[in-house]
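Here the structure comes first, spelled out in structure tokens, and everything after it is commentary.
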Amino acid sequence: MAPVSVPADDADPSFESDIVDHQLIGARLRPPASAAVIAKSVAAGVAAGLSEELAKTLAHAAADQQELRRALRTPMVQRFGTDEFTYIEFDVLTWRIVPSPDNIRFEGEHARGAIHMPRFGALEGQPLLTFEMDSADSMIDQMAPRIDDMAANNPHVPSIQDRGIETPGWLSFLRLTTDVGQVTVLESTDGFGRTVAAHQGLGITFKDAVWNLRPGTRRALTLHLSLTEWADREDVTAEQARKVRCSIMPNARVIIDFNASREFDRARRRFVAHLHMAPPMNFTTATTLNAKANAAVDKLYQRDLLPAVGEMTAEEIRDILDGTDRDHDLLDDELAVLACGALNPQANTRQARAVNEAVVDLTGARPKVEERTQLAAEVALRSFPADKRLTALRSALERAWRWSALRGVELTREEPLDLLAEAEIELDETDGSSVGPYTAELATLASYHLVAARTQLLTRSEFGGRGSNTEPQQIIRQLTKTEAGLRQLCQVVLDGRAGRDPQELPDGTAPKDRRLPRVALLTADRLRELARLSNDKTITHNTPEDLFAAAIADFRMHLEELRAAATDVNDVVDHQGVALVDTKGYDDPEMKRMLDEVAEFVSEWRGARRRAIRMRADLDDSGDER
């Protein structure tokens with residue numbers, strides 16, 4: 001299991017861990033309440049709109065019943081984006097809180113199926129999460145290494161045991177169902193590390209918090225009585241004082257209601273991502289990208305902007321894209337096309353605006369076009385472990401998908417040979433001057449396999465973008481310009497789906513779904529060479545109009561290369577992650593003059609185009625009058 005990614009605020013405390021007098025914290029702890037007092041608090045919870053199940057959970061979790069009842073009379077509201085959460089603040093007994101089994105730190109693992117636990121569910125309209133596993137022992141086995149990793153890698157743990165929890169967290173109701181029955185507890189919506197630290201200070205385990213210390217058990221009563229006794233005494237051992245300091249989460253914020261256009265599990269997931277990404281914290285790249293991608297998918301779903309795929313419902317497509325449904329029947333390359341179409345839309349479209357808004361809700365910063373492409377590549381590569389190789393795969397796929405022709409690509413689920421037939425028709429009709437939908441789908445499928453092959457074939461050149469065909473985007477683009485290139489892409493898809501290493505297709509040979517005799521395997525260098533050959537064989541004509549169209553297409557290609565090169569400059573950061581362009585800048589008057597000159601050319605072209613359109617309209621009108 002990969003190490004838990006610890007946010008900077010948790011991992012790097014700015015203070016020395018001075019030991020706090022346990023009596024200062026213990027003064028907030030009250031002895032176990034009588035049944036009559038608990039009943040009074042439950043009635044207050046029901047009067048506030050909670051079900052009896054949730055009201056009982058609150059009452060048994062409160063360190064001070066009077067404080068709980070006062071909080072229930074004065075709930076507060078917090079808005080995150082378009083979602084509103086009603087909450088109350090009161091001191092919560094830490095052994096009534098469980099470390100969340102669906103924590104944001106596990107987002108990357110969930111996306112890749114590396115964590116063998118389900119996602120949270122929810123009951124319609126209620127602020128209640130649900131979680132079901134067949135085996136309690138299996139759940140304990142899955143949580144134990146993640147809890148241990150947090151305790152070992154979060155240096156803030158000792159400070160909590162010396163000072164108590166100083167920064168309260170958000171908590172949610174959780175109904176947990178396993179083979180040993182059903183229990184409703186509070187889960188660490190925000191505060192996984194704090195909860196782990198408090199449990200370690202108390203000397204209890206995840207199993208204890210969920211099952212062994214349930215309300216009414218002798219062990220829970222003994223612990224509570226002991227803590228209240230130690231809280232009043234000065235002559236206690238260091239261990240007893242530590243347990244008192246770790247016994248409560250002061251001023252915890254417990255969500256008791258919500259108002260959102262989505263169910264509570266998804267509203268909570270989005271809310272937690274917002275908490276941790278605005279301002280951003282140092283989670284792993286996989287966790288950050290998946291949190292953003294899931295928020296974008298949710299926003300597209302809410303606005304009915306997800307791509308349509310056959311007879312699939314929007315809910316099914318959403319669950320596939322956000323990793324909730326891993327038992328779907330889409331092939332890996334088809335999921336890649338779906339991700340590219342949904343999360344990598346054309347600029348200035350409703351889909352692009354929805355993705356941008358979702359990311360802004362989380363981080364407060366508008367994403368660049370390239371960031372949307374990166375989200376799509378991350379979702380497409382969820383079948384790969386989040387290791388160093390993933391970074392190279394994601395970078396290459398994201399570069400290929402920056403090609404504007406692939407943005408918003410549609411998934412038809414046609415067979416590769418059928419896609420090839422349609423793509424060849426599109427090539428014949430356009431002479432390679434534009435890219436049709438079948439060509440785009442075939443190219444997107446192939447780009448996935450060229451990255452996902454056992455030996456990555458689609459790679460960035462060591463010389464960056466200085467060569468005409470060295471970058472993934474240019475390689476894919478050039479291969480779509482000739483029939484030979486399209487057939488090679490089709491062969492790559494056929495081989496990839498069959499688990500074969502991609503084969504180089506000889507000239508004049510039709511793709512076949514089998515191992516071809518006496519045919520060499522494709523290599524990264526040979527792929528670049530094929531792209532160059534495709535560029536040389538691109539269909540051209542000698543009429544001025546065709547030469548003009550070819551020149552415009554060539555200009556557009558180099559313009560996109562220039563934009564990609566400029567993005568590369570922006571992406572260079574120092575050891576602290578700060579972009580060097582922000583600290584050093586760059587000034588080249590000659591470069592500025594050349595860019596201004598090009599901009600003037602483009603402006604003149606646009607003016608000429610508008611004049612040509614008006615002249616054509618005038619001619620049409622005069623013809624009608626005659």
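The values are calculated or read from the model by the stated rules, or taken from the named source; none is laboratory data. This is a predicted model, so every value here is computed, not measured. Backbone-built Cβ (ideal geometry, glycine too); neighbour counts: all protein chains shown. The accessibility values were calculated without ligands, DNA or RNA, using every heavy atom of the protein model including side chains. Shrake-Rupley method; radii C 1.70, N 1.55, O 1.52, S 1.80 Å.
For a straight C-alpha distance cut-off of 17 angstrom, the aspartates and glutamates reachable from Lys512 (same-chain residues fewer than eight places away being disregarded) are Glu414, Glu415, Asp418, Glu422, Glu424, Glu483, Asp495, Asp501, Glu504. About its Cα centre, the chain has a charge dipole of approximately 1220 debye under the convention of +1 per Lys or Arg Cβ and -1 per Asp or Glu Cβ, with nothing else charged. Projecting the Cα atoms of Ala443, Ile147, Val519 onto the charge dipole of the chain (Cβ charges, centred on the Cα centre) puts Ile147 farthest toward the positive pole.
Taking K and R as +1 and D and E as -1, what net charge do the other residues with C-beta under 14 Å from the C-beta of Gly45 add up to?
Working: positive: Lys40, Lys56, Arg69, Arg70, Arg73; negative: Glu52, Glu53, Glu67, Asp257.
After counting each charged neighbour, the total is +1.
As a size descriptor, the averaged projected area of the C-alpha convex hull of the stretch 129-181 was calculated at 4.8 nm².
What is the packing order of peptides 205-216, 502-513, taking the mean over residues of other C-beta atoms within 10 Å and listing the highest first?
205-216, 502-513
Which lysines, on any chain, are close to Lys40 with Cα under 19 Å apart, when same-chain ones fewer than 8 places away are left out? List returned: Lys56.
Quick one: net charge around Ala209, please, counting Lys, Arg +1 and Asp, Glu -1 for every other residue with C-beta under 11 Å from its C-beta.
Values: positive: Arg96, Lys207, Arg214; negative: Glu187, Asp208.
The answer is +1.
Counting only the heavy atoms of the protein chains, how much of Glu600 is accessible to a 1.4 Å probe, in Å² to the nearest 10? Roll a 1.4 Å probe over it and Glu600 shows about 110 Å².
Counting other Cβ atoms within 10 Å, which GluC sites (Glu not before Pro) in the stretch 232-300 have at most 11 and lie in a DSSP loop? If you can, show how the numbers build up before the last one.
Details: sites: Glu234, Glu239, Glu263; in loops: Glu234, Glu263.
Loop-located and lightly packed - Glu234.
State log₁₀ I(q)/I(0) for the chain at q = 0.07, 0.08 Å⁻¹ as given by the Debye formula over alpha-carbon point scatterers of equal weight, solvent excluded. One equal scatterer on each Cα of the chain leads to -0.56, -0.69. Per-atom-type breakdown for the chain gives carbon and sulfur 50% of the accessible area (1.4 Å probe, protein chains only). Stokes-Einstein diffusion of the stretch 333-375 at 4 °C, 1.567 mPa s viscosity, Kirkwood radius from Cα pairs, rounded to a whole number: 123 µm²/s.
Among Lys299, Lys56, the order of accessible area from largest down is Lys56, Lys299, computed with a 1.4 Å probe on protein heavy atoms. Computed from backbone phi, the HN-Hα couplings of the stretch 369-380 come to 4, 5, 5, 4, 5, 5, 4, 4, 5, 4, 5, 5 Hz, rounded to whole numbers (Karplus: 6.51 cos²θ - 1.76 cosθ + 1.60, θ = phi - 60°; Gly and Pro given as x).
With equal scatterers on the alpha carbons only and no solvent term, can you work out the Debye log10 of I(q)/I(0) for the stretch 259-331 at 0.15, 0.20, 0.24, 0.28 1/Å? Per q value, in the given order, log10 I(q)/I(0) is -0.55, -0.91, -1.16, -1.35.
Of the peptides 423-430, 481-488, the order by per-residue mean of other Cβ atoms within 10 Å, starting with the highest, comes out as 481-488, 423-430.
Taking all protein chains together, Tyr448, Tyr586, Tyr301 sort by accessible area into Tyr586, Tyr301, Tyr448, largest first [probe 1.4 Å]. Surface analysis of the chain yields an accessible area of 47 Å² per residue, using protein heavy atoms and a 1.4 Å probe. Along the stretch 565-581 the Karplus relation, 6.51 cos²θ - 1.76 cosθ + 1.60 evaluated at θ = phi - 60°, assigns HN-Hα couplings of 5, 5, 5, 4, 4, 5, 7, 6, 10, 8, 5, 8, x, 8, 5, 5, 5 Hz to successive residues, with x for each Gly and Pro. Mind listing the phi-derived Karplus ³J(HN,Hα) values for the stretch 406-418, rounded to whole Hz, using 6.51, -1.76 and 1.60 with θ = phi - 60°, and x for any glycine or proline? My calculation for the stretch 406-418 gives 8, 5, x, 4, 9, 9, 9, 6, 5, 5, x, 5, 5 Hz in order.
A cut-off of 5 Å between modelled amide H atoms, ignoring neighbours fewer than 5 places along the same chain, links Ser188 with Val98, Ser100. Packing order of peptides 602-614, 345-357, 400-412, 178-190, highest average first: 400-412, 178-190, 345-357, 602-614 (average count of other Cβ atoms within 10 Å over each peptide's residues).
Helical runs assigned H by DSSP (4 residues or longer) give the chain a calculated mean residue ellipticity at 222 nm of -17000 deg cm²/dmol, each run adding -39500 (n - 2.57) before division by the residue total.
Here are some pairs, Lys368/Lys481; Lys207/Lys243; Lys292/Lys368; which of them have Cα atoms lying more than 21 Å apart in this structure?
Values: Lys368/Lys481 29 Å; Lys207/Lys243 18 Å; Lys292/Lys368 13 Å.
Correct reply: Lys368/Lys481.
The figure for Phe120 is an accessible area of roughly 10 square angstrom, using a 1.4 Å probe on the protein chains alone.
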